[in-house]
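Down below is the structure, laid out as structure tokens.
The values are calculated or read from the model by the stated rules, or taken from the named source; none is laboratory data. On a predicted model such as this, the values are computed, not experimentally measured, just so you know. Ideal geometry is used to build each Cβ from the backbone, glycine not excepted, and the neighbour counts take in all protein chains shown. Heads up: the accessible areas ignore ligands, DNA and RNA and are worked out on the full protein's heavy atoms, side chains in. Shrake-Rupley method; radii C 1.70, N 1.55, O 1.52, S 1.80 Å.
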There are 2 protein chains.
Amino acid sequence: MSTISIKDIAAKAQVSTATVSYVINGTRNVSRKTRERVEQVIEEMNYKPNNAAQSLKRRRTNTIGVIAEDVTVFNVPEIIDGINDCADRLDMHILLTNLRLDKRIGRQFDQVDAYRKYAEDAVSELLGKQVDGMIYIGAHPRDLTGLFDTEGKPIVYTYCYTQNDVSIQYDDEQASFEAISYLTNKGHSRIAIISGAVDSMPSRLRLGGFYKAITAFELPFNPQWIKMGDWEAESGYRLAKELLESPEPPTAILAMNDVMAVGVMRAAKELGIQIPDQLSIIGFDNREFSEYVSPSITTMDLPLHEMGYKAMEALSHILQGEQVETGEKPVCKLIERDSVAELAN
Amino acid sequence: MSTISIKDIAAKAQVSTATVSYVINGTRNVSRKTRERVEQVIEEMNYKPNNAAQSLKRRRTNTIGVIAEDVTVFNVPEIIDGINDCADRLDMHILLTNLRLDKRIGRQFDQVDAYRKYAEDAVSELLGKQVDGMIYIGAHPRDLTGLFDTEGKPIVYTYCYTQNDVSIQYDDEQASFEAISYLTNKGHSRIAIISGAVDSMPSRLRLGGFYKAITAFELPFNPQWIKMGDWEAESGYRLAKELLESPEPPTAILAMNDVMAVGVMRAAKELGIQIPDQLSIIGFDNREFSEYVSPSITTMDLPLHEMGYKAMEALSHILQGEQVETGEKPVCKLIERDSVAELAN
DNA sequence: CTGTTAGCGCGTTCAA
DNA sequence: TTGAACGCGCTAACAG
């Protein structure tokens, strides 16, 4: 049974437990002969130090707590994967807490009080487990300042942020700028945008990138081409109809997520407008389905893996007492598919 | 700082550490007055017992290790969610290990030696962490007997299995039987099937359910209607063409996953065959995209959440020394969408 | 430089 | 209700 302790090794190798410990950790010189004998015995008995005991003494667990708002939301698994990727290299482990917010409270992210309790409990448990630090993965980008208190334990946020802690977020402004830039390169100038919910951070930033691009490329500006959606397919459908039936229809639409892009496609189909020949579409998120619908959607891929990786990296720096340089934000990458065409003209 | 120990509480409440421990755990009667005083102090100082110390003494960590072959594969997050759901209720925690197999070795699941090392290391780490047990989540259903040795620690497999351990799997045979049953209810009798890779367990079982249904409903049997795919869209496309161009084309096709179903749709489109009016399609997996393609795909939803939940439940039973009754397998559920039509005739 | 002894970290639990 | 041993590994202090 797995009740082999350092004592058993010491006894069998005819040394003290201290020596065994030194051999395992390389904390001190041990004569070659003794070392080899001890290593031999460890191998034979397949001994693994009890982590609970180590942690107790070392006052660090090499484990970080990851709080995911909901692992089933599309962006989360890839972020976890990034955290894992980095954690593996640092020999850190992950204690995963899944708040299951999507299942428990749906999309009511603004009703903080509905889930504060869940978050507080999670932090409390993790604190009890003596994690060295924490990473919080939001299901939706927003300000979480004051949601809970980690009692001094370092925490890094990703896919959301607070005003006091380190957070890793991708560059929304650059993303929409690049999308517009791509469209202009394809000859488009009459470009409309369908935003997500206006009160959301990414919507505002992406709108910022859009304006910036309009200015930079000296595109015609038409306030009618700016529509406020709500992330849902229905809004994409409805607003695309408005756009396409207007006296000055755009030749390209940037939808702030793929779900709305699908709505746009439905609207176009109903109106007998061919995609991409008569209308180009760019989405956001690179959701799985964007590759399977027809035509497949050209979309901005979110650097989720990188965000997870950087979050872990940042946390590790904090744990080592280093300063975290808030380097460049991870950037989105355009995935070219079949929903954008060169403008004939 | 978080260096508050049981001693601090004991001192401040003027009792021994033993009493504090009894209060916390309710292990023994403590006079009301003392109890309340102690509770008060714990509250005030916001004390949380050090889990490392508890585990060391109790010889159980209330933590299980979850080994996921790849958290970014579509079925895995929902299974983790199910595990979490159950673990929450049992007050257990999850130490997540992500093998990242999809990233590291791709789909070469048959090349066991390519990933044995990763799996062994994961188990070894988890063993060192003193997890009470483990759950292994496969990315693809298959026999994993002999992949590694848990040294007596209980393990439950889900979405894959071994010949020696408890495993939780959904009922493949029932699923395809139900799909065929649904099609016959809609008036179809000329039903074709496109399987996944033949050497895979689910392919075989679903084929079994198909034959069973053919017999039960006395459908015409035509070996030409049974095609062997490989799970990829291209095979769905190619085999659907064969089926639809044959002298006796089916009126309905059951594809063993949604990806191949999309291939079937592409083939139909190319041949000018309307879906669902001239051809009905059922997929498998209820992938995200199946809802967004048009027409949306009627598909068998996998009971992933339930599998995770049951895996955790089974593990917990084993940990309590109870016998695990291998109850009924979780069943798939048909999601009715727009790719199946009642047969006019 | 190599090896040993002994106390510690923190909570649990038995004997008193 | 309490004192003290204990679980397991680490490490300071000490001895050879």
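Points worth noting:
- Flag if residue B:50 is within 7 Å of chain A (Cβ to nearest Cβ) and of a type outside the set (Asp, Glu): yes
- Tally, over segment B:203-236, of residues that are in contact with a helix residue (DSSP H, G or I) (Cβ under 6 Å, 6 or more places away or on another chain) and not in a helix (DSSP H, G or I): 4
- Residue within segment A:146-154 that is touching a Ser or Thr at 6+ places or on another chain (Cβ under 9 Å), small (Gly, Ala, Ser) and either buried (at least 23 other Cβ atoms within 10 Å of the Cβ) or farther than 23 Å from residue A:262 by Cα (or both) present: yes
- Output for segment B:293-336, where each listed residue is aliphatic (A, V, I, L, M) and farther than 22 Å from residue B:132 by Cβ: B:293, B:297, B:300, B:302, B:304, B:331, B:334, B:335
- Residues in segment A:81-114 that are in a helix (DSSP H, G or I) and either more than 20 Å from the chain's Cα centre (by Cα) or hydrophobic (A, V, I, L, M, F, W, C) (or both): A:83, A:86, A:87, A:90, A:101, A:104, A:105, A:112, A:113, A:114.
- As a summary of the residue check, residue B:332 satisfies the conditions (1) out of contact with any strand residue (DSSP E or B) (no Cβ under 8 Å at 6 or more places or on another chain); (2) open to solvent by less than 50 Å² (accessible area, probe 1.4 Å) except for the one numbered (1).
- Only one entry in A:98, A:62, A:75 is more than 9 Å from every other protein chain (Cβ to nearest Cβ) and touching an Asp or Glu at 6+ places or on another chain (Cβ under 7 Å), namely A:62.
- Residue selected from segment A:1-37 under the condition closer than 24 Å to residue B:150 by Cβ and outside any helix (DSSP H, G or I), by the criterion nearest to DNA strand C (Cβ to nearest atom): A:5
To keep it simple, each residue is scored yes or no on (1) among the basic types (Lys, Arg); (2) outside any helix (DSSP H, G or I).
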position	(1), (2)
A:39	no, no
A:54	no, no
A:57	yes, no
A:66	no, yes
A:72	no, yes
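- Among the residues of segment A:227-268, the one identified as more than 13 Å from residue A:195 (Cα to Cα), of a type in the set (A, V, I, L, M) and out of contact with any strand residue (DSSP E or B) (no Cβ under 9 Å at 6 or more places or on another chain) is A:267.
- Which listed residue is over 30 Å from residue A:340 (Cα atoms) and away from every other protein chain (no Cβ under 14 Å), from A:145, A:184, A:150: A:145
- Members of segment B:183-201 that are at pLDDT 95 or above and either buried (at least 20 other Cβ atoms within 10 Å of the Cβ) or in contact with a Gly (Cβ under 9 Å, 6 or more places away or on another chain) (or both): B:183, B:188, B:191, B:192, B:193, B:194, B:195, B:196
- Comparison of A:28, A:37, A:60 shows that the only residue that is in contact (Cβ under 8 Å) with a residue 40 or more places away in the chain and either open to solvent by 50 Å² or more (accessible area, probe 1.4 Å) or at positive phi (or both) is A:60.
- Verdict on residue A:130 being within 22 Å of residue B:52 (Cβ to Cβ), of a type outside the set (A, V, I, L, M) and open to solvent by 20 Å² or more (accessible area, probe 1.4 Å): yes
- Among the residues making up segment A:110-122, those that are more than 12 Å from chain B (Cβ to nearest Cβ) and open to solvent by 20 Å² or more (accessible area, probe 1.4 Å) are A:110, A:111, A:112, A:113, A:114, A:116, A:117.
- Among the candidates A:110, A:70, residue that is at pLDDT below 95 and more than 13 Å from DNA strand C (Cβ to nearest atom): A:110
- Pairs meeting the criteria (first residue in segment B:303-330 and part of a helix (DSSP H, G or I), second residue open to solvent by 50 Å² or more (accessible area, probe 1.4 Å), beta carbons under 6 Å, at least 6 apart or on different chains) are B:304/B:78; B:305/B:78; B:316/B:90.
- Residue satisfying all of: in segment A:245-261; β-branched (Val, Ile, Thr) and open to solvent by 10 Å² or more (accessible area, probe 1.4 Å); farthest from the other protein chains (Cβ to nearest Cβ) among these: A:251
- Pick from segment B:123-136, criterion in contact (Cβ under 8 Å) with a residue 12 or more places away in the chain and part of a helix (DSSP H, G or I), ranking: farthest from the other protein chains (Cβ to nearest Cβ): B:123
- Just so you know, in segment B:41-51 the residues that are assigned to a helix (DSSP H, G or I) and open to solvent by less than 40 Å² (accessible area, probe 1.4 Å) include one that is nearest to DNA strand D (Cβ to nearest atom), and it is B:51.
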